[in-house]
1. For Val109 and Ile90 in the same chain, what is the full-extension length gain: residue separation times 0.36 nm, less their Cα-Cα distance, in nm?
2. So what's the back-of-envelope 222 nm ellipticity for the chain, counting only DSSP H runs of four-plus at -39500 (n - 2.57) apiece and dividing by all residues, rounded to 500?
3. Whole-Hz ³J(HN,Hα) for each residue in region 84-97, computed from phi via Karplus 6.51 cos²θ - 1.76 cosθ + 1.60 with θ = phi - 60°, x for glycine and proline: what do you get?
4. Any chance you could give the angle, 0 to 90 degrees and rounded to 10, that helix 58-74 forms with the longest Cα principal axis of the chain?
5. Applying the Karplus parametrisation 6.51 cos²θ - 1.76 cosθ + 1.60 with θ = phi - 60° to the phi angles of region 75-82, what ³J(HN,Hα) value in whole Hz is obtained for each residue in order, glycine and proline being reported as x?
6. Between Ile116 and Lys45, what length in nm is gained on full extension when 0.36 nm per residue of separation is reduced by their alpha carbon distance?
7. Between (i) 48, 28, 22; (ii) 38, 34, 26; (iii) 47, 38, 21, which matches Cα extents along the principal axes in Å calculated for the structure shown?
8. Measure off 7 Å from each Cα along the Cα-to-Cβ vector at Ala53 and Glu21, then give the distance between these two points in nanometres to one decimal.
Amino acid sequence: MSDCLFCKIVAGQIPAQKVYEDELVLAFRDIHPQRPVHILVIPKKHITSLATAAADDAGVLGRMLVKANEIAVAEGSPGGFRVIINTGEIGQQEVPHLHMHIVGGPQPVGPMLKRI
């Protein structure tokens, strides 16, 4: 999609600090990291969100998850990490291109959710 921020990163129109890339996915450092390790992993194909992913997207979704540990360890989080995929308005997805956050570092990431 021509106006999609992450599609522009995939196309090389917007720079990113890439940490991993293959034919299906691209991983790069978040520009506003919330943890010492904060990497975004995106499919190169435009998929708006998990809500719009189709059965033929299973390969790229699997690749994103399979590469998570490799990326986290390489970036300095060998003791574990958290994977977050925000979906839609309620999930607070900010960019309408499927993306996975890998967050971690030397300290535990804290509780998963706050009670409301």
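Nothing in this text is a laboratory measurement; each read-out follows from the coordinates by a stated rule. Predicted model, so just to flag it, every value in this text is computed and none were measured. When we count neighbours, we look across all protein chains shown, and the Cβ atoms used for this are built from the backbone with ideal geometry, even at glycine.
1. Details: separation 19, 0.36 × 19 = 6.84 nm, distance 2.19 nm.
Gain on extension, Val109 to Ile90, equals 4.6 nm.
2. Values: 2 runs with 23 residues, N = 116.
My calculation for the chain gives -6000 deg cm²/dmol from helical runs alone.
3. 10, 10, 7, 9, x, 4, 5, x, 6, 6, 9, 10, x, 8
4. 40
5. 8, x, 10, x, x, x, 6, 10
6. Numbers: separation 71, 0.36 × 71 = 25.56 nm, distance 3.59 nm.
Extra length from Ile116 to Lys45 when fully extended: 22.0 nm.
7. Looking at Cα extents along the principal axes in Å for this model, the match is (ii).
8. Going by the 7 Å Cα→Cβ label model, 2.3 nm.
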